[in-house]
Amino acid sequence: MNNDQIAEAFEQIAQLLQVEDANVFRIRSYERAAETIRGLGPELSDIRESEAGLQGIPGIGEAIADKIEELLDTGELSFLQDLLDRYPPGFLELLKIPGLGPKRAALVFHELGVGSVDQLEEACVREQVRELKGMGAKSEQKLLQAIESYWRGRERALLGAMLPQAETIVEFLRELPAVISADYAGSVRRGRETVGDLDVLATSDDPAAVCKAFGEGGLLAEVTSAGGTKVSGTLPGGRQVDLRVVAPESYGAALVYFTGSQQHNIRLRERGQDRDLKVNEYGVFCADEHDGDDQEGERVAGDTEAGVYAALDLAWIPPELREDRGEIQAAAAGELPDLIESSDIRCDLHIHTNWSDGRASIAQVAESARERGYTHLGITDHSASLHVAGGISADAVRAQREEVDALNSRYVEQDADFRVLLGHEADITTDGALDLTYEVFDTVDFVVGAIHQGMSADADRMTARVVGAIETGMVDLIAHPTGRVLQTREAHGMHVSELAGAAAQFDVALEISATPDRLDLSDVHARLAQERGAKLSINTDAHSIASLDFMRFGVLTARRGWIEAETVINTWPLERLTTAWLQQRRGSSESA
C-alpha cells in the first residue's frame, strides 16, 4: 500500500470513531497520523527499512506504527475492519456528504436506519430528516443540495487525482519496446479541473503487442474490452481508461482529435472544409467530391500535431486552450498568448507552517522550495481569529520575524540565492475589515487576505466585503477569491469582474489557488482578471512539504485562462517583487 492509501485508512478510522463518539484525543491521534503520512516525501515502505524506522517519524508512536506495519504487510487493517463491520457497506460514502458530518451521520443511522447516500436522499425527500433533533427543514434542504453535488462529483474526478495516473500509464507505455510515442489526451491534457474518462494514445508498428502488454501490465483493475488497436478498462477506483494505438502517420491527427474539446474539433473540421480539406483522427486529406465518406484523398498531414494545424493555416495551439474560446481565431491571426510555464515560477507566496496548521517548520519548507529551484518564498500563517486553524498572535508573528531574519542571514553567509519572506494570512471579516493589527502589518513583508467564515451572504455583500478589504491598503493578495471547493462546496457569491477591477485599481494581486480541489480563481475568472488589468499570483496554500508540488495544477489553470508570465507576480525576481512592488505599495498606502 502507498502513503495515500494508508493515510485514507487512518482518516476512515478517525471518522468512524467520531460516529461512535469516542475520546477526542484518540480521534485526533488518527487524524494527525493521516496528516503526517500525507505530508511525507518517501514511501512508508522505504521508511520502515531505514535506520530510524516508522517510529522515527514525528507523531508516529508504537500503536500507529504497528498498524502501518499491518497495512504494509497485508493490505488490510483488522481494527478498521472491525469498525466497518458495525455499519452498512455504503456508510463511509455517507460521510462524504458535505454538511452531514460524523455526528449527524450517527443520528440518521440510529434514528432512521440510514446507511447510504441513496437512503439519506430518500429520507430527505420523505421529509423525515427534518424531524430529527437539531435538524429542520432548512438543514434537510441543504443536505439534498449537497447530495446533488455529490452525485455530480461522482461523474468526474479531480485533475489532481487523474493527472498522476495518466502520467504513470504513459511512462509504462513509453518503456515498452514496441511503442514509438505515447501521450495522454482528453480533458487531462487540456488541464480541466475535473476529468471524466481517461484517454491515452500510443503509436507503434506492432499495435497488438502494445495492447497485450497494456492489458496484462497490472495497471488496470479490470479489462473490459481488448483488441488489436484498442484496450478499455477501469483503474482502481472505477475510472475508465481507453488506450488507442494508431499508425505513426496518424499519431498527430489522433492526438489533436482526442485532446480537443468537441467544439474545438468542429471548428477545425469547418476550417478544413473551407480549404477543401478533410480533417479527422487519421489525418488531414485533400477532399475529393468523388470520394465517399469512407474514402480519403491525398494525405496532407497527420504524423504531428504541428503539421495538422499548419495544414489549416494555423499556429500550433497549446492543449490547454483547445476549448473553442477564440483560440482558433488567435492562431490564425498570429495572436496566441505566450502562456506561462512551470519553469517561470520563482516562488510560492501562500504557505503554512507548524506555527499554525501546517506540518513543517519554516526551515524545512524553505529547503524544499530551494530544491524545487525557487529563489524565494512566502510564509503565511493564519491570523489570530481563525482558531480552528491555529491562528497566531502578534507575539508569535514577532517570533516568526526573528526566525525568518536569522534564516535569511544564514543564506547570506552561504552566498545562497534564496530568501524567505514573512507574510500573514489575515481573515477578512464580515464588514470588510482585516483581522490584522498595525503591529503585525509593520512586522511582516506582505499580507494575504482571505475569507474562511460567513460565506452564505449574497454576491453583492460578499463582493463588497472583499473590495472593502482591498480598499484598506493593508492587503497585497486575495487568496482563493470565490471560496469554492470542487465537488464539495459551491463558490460563494462574488462579482469577479468588479473584484478584478478593484484589484487592478489598488494594485492588489488575485490568487489562483493551485490546491487541486480549489483551483480558485478558475480558468475563466483568471482570464477575466487579466483582461481587467489585475495581477495574479499562483500559490499552493501548502500545509505540507508534499503540497508544494501542487503548483503545476495552478499553472495549468492559468494556461487555460490565457495567462502570460508577466501577469503573475510569482514569476518576478525577488527585487521586483519586494522593492518595486510590495514596498512601493506600502509607501503609497501610507502616504494616502
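The values are calculated or read from the model by the stated rules, or taken from the named source; none is laboratory data. Everything numeric in this text was worked out from a predicted model, so none of it was measured. Quick reminder, even Gly has a Cβ in these numbers, built from the backbone with ideal geometry, and neighbours come from all protein chains shown.
Only one of the numbered conditions (1) among the aromatic types (Phe, Trp, Tyr); (2) closer than 30 Å to SER187 by Cβ; (3) outside any helix (DSSP H, G or I) is not met by TYR150, and that is (3).
Within the range 58-72, residues that are without any contact (Cβ under 8 Å) to a residue 12 or more places away in the chain have Cβ atoms under 6 Å from residues that are among the β-branched types (Val, Ile, Thr) and loosely packed, with under 14 Cβ neighbours inside 10 Å in no pair, counting only partners at least 6 apart in sequence or on another chain. Determine whether LEU173 is assigned to a helix (DSSP H, G or I), without any contact (Cβ under 8 Å) to a residue 24 or more places away in the chain, among the hydrophobic types (A, V, I, L, M, F, W, C) and not assigned by TED's automatic domain parsing to the domain that holds LEU519. No, not satisfied.
Checking the conditions here, which among THR571, THR578, THR557 is polar (S, T, N, Q) and surrounded by 22 or more Cβ atoms within 10 Å (Cβ to Cβ)?
On the way: THR571 fails: surrounded by 22 or more Cβ atoms within 10 Å (Cβ to Cβ); THR578 fails: surrounded by 22 or more Cβ atoms within 10 Å (Cβ to Cβ).
Unique residue meeting the criteria: THR557.
Of the residues contained in the range 360-378, none is found to be modelled with pLDDT of 95 or more, assigned to a loop (DSSP other than H, G, I, E, B), touching a His at 6+ places or on another chain (Cβ under 8 Å) and buried (at least 17 other Cβ atoms within 10 Å of the Cβ).
Only one of the numbered conditions (1) surrounded by fewer than 18 Cβ atoms within 10 Å (Cβ to Cβ); (2) assigned to a strand (DSSP E or B) is violated by ARG244, and that is (1).
Within the range 420-427, identify whether any single residue is over 17 Å from SER393 (Cα atoms), surrounded by 15 or more Cβ atoms within 10 Å (Cβ to Cβ) and either among the basic types (Lys, Arg) or at pLDDT 95 or above (or both), and answer yes or no. Walk me through how you get there before you give the answer.
Here is the first cut: in the range 420-427, the ones over 17 Å from SER393 (Cα atoms) are 420-421.
Filter again for surrounded by 15 or more Cβ atoms within 10 Å (Cβ to Cβ), leaving 420-421.
Imposing the further condition that a residue be either among the basic types (Lys, Arg) or at pLDDT 95 or above (or both) reduces the set to 420-421.
Yes: one or more hits.
Here ASP21 meets the list (1) surrounded by 14 or more Cβ atoms within 10 Å (Cβ to Cβ); (2) touching a residue at least 12 places away in the same chain (Cβ under 8 Å) almost entirely, failing just condition (1).
Each row is one residue, and each column tells you yes or no for (1) within 23 Å of ALA363 (Cα to Cα); (2) without any contact (Cβ under 8 Å) to a residue 12 or more places away in the chain; (3) in a helix (DSSP H, G or I).
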{"position": "ALA504", "(1), (2), (3)": "no, no, yes"}
{"position": "ASP517", "(1), (2), (3)": "no, no, no"}
{"position": "LEU528", "(1), (2), (3)": "no, no, yes"}
{"position": "GLN584", "(1), (2), (3)": "no, yes, yes"}
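For the range 444-497, the tally of residues that are part of a helix (DSSP H, G or I) and within 23 Å of GLN584 (Cβ to Cβ) stands at 6.
Looking at the range 99-122, which of the residues that are outside any helix (DSSP H, G or I) and under 21 Å from VAL24 (Cα atoms) is farthest from the chain's Cα centre (by Cα)? Even if it seems obvious, please write down each step before you answer.
So the first thing to find is which residues in the range 99-122 are outside any helix (DSSP H, G or I), and the list is 99-100, 113-116.
From what's left, under 21 Å from VAL24 (Cα atoms): 99-100.
Numbers: GLY99: 22, LEU100: 24 Å.
Checked the range 99-122; the qualifying residue farthest from the chain's Cα centre (by Cα) is LEU100.
The numbered conditions (1) surrounded by fewer than 20 Cβ atoms within 10 Å (Cβ to Cβ); (2) in contact with a Ser or Thr (Cβ under 8 Å, 6 or more places away or on another chain); (3) free of Cβ contacts under 8 Å to residues at least 40 places away in the same chain are all true for SER456 except (2).
Just to check your reading of the model, which residue among ASP242, ASP205 is assigned by TED's automatic domain parsing to the domain that holds GLN165, of a type in the set (Asp, Glu) and touching a helix residue (DSSP H, G or I) at 6+ places or on another chain (Cβ under 8 Å)?
Values: ASP242 fails: touching a helix residue (DSSP H, G or I) at 6+ places or on another chain (Cβ under 8 Å).
After applying the criteria, what remains is ASP205.
Considered as a group, the residues in the range 311-320 that are under 20 Å from ALA185 (Cα atoms) and touching a strand residue (DSSP E or B) at 6+ places or on another chain (Cβ under 8 Å) include one that is surrounded by the fewest Cβ atoms within 10 Å (Cβ to Cβ), and that residue is PRO318. Only one of the numbered conditions (1) in contact (Cβ under 8 Å) with a residue 40 or more places away in the chain; (2) surrounded by 19 or more Cβ atoms within 10 Å (Cβ to Cβ); (3) touching a Lys or Arg at 6+ places or on another chain (Cβ under 9 Å) is not met by GLY252, and that is (3).
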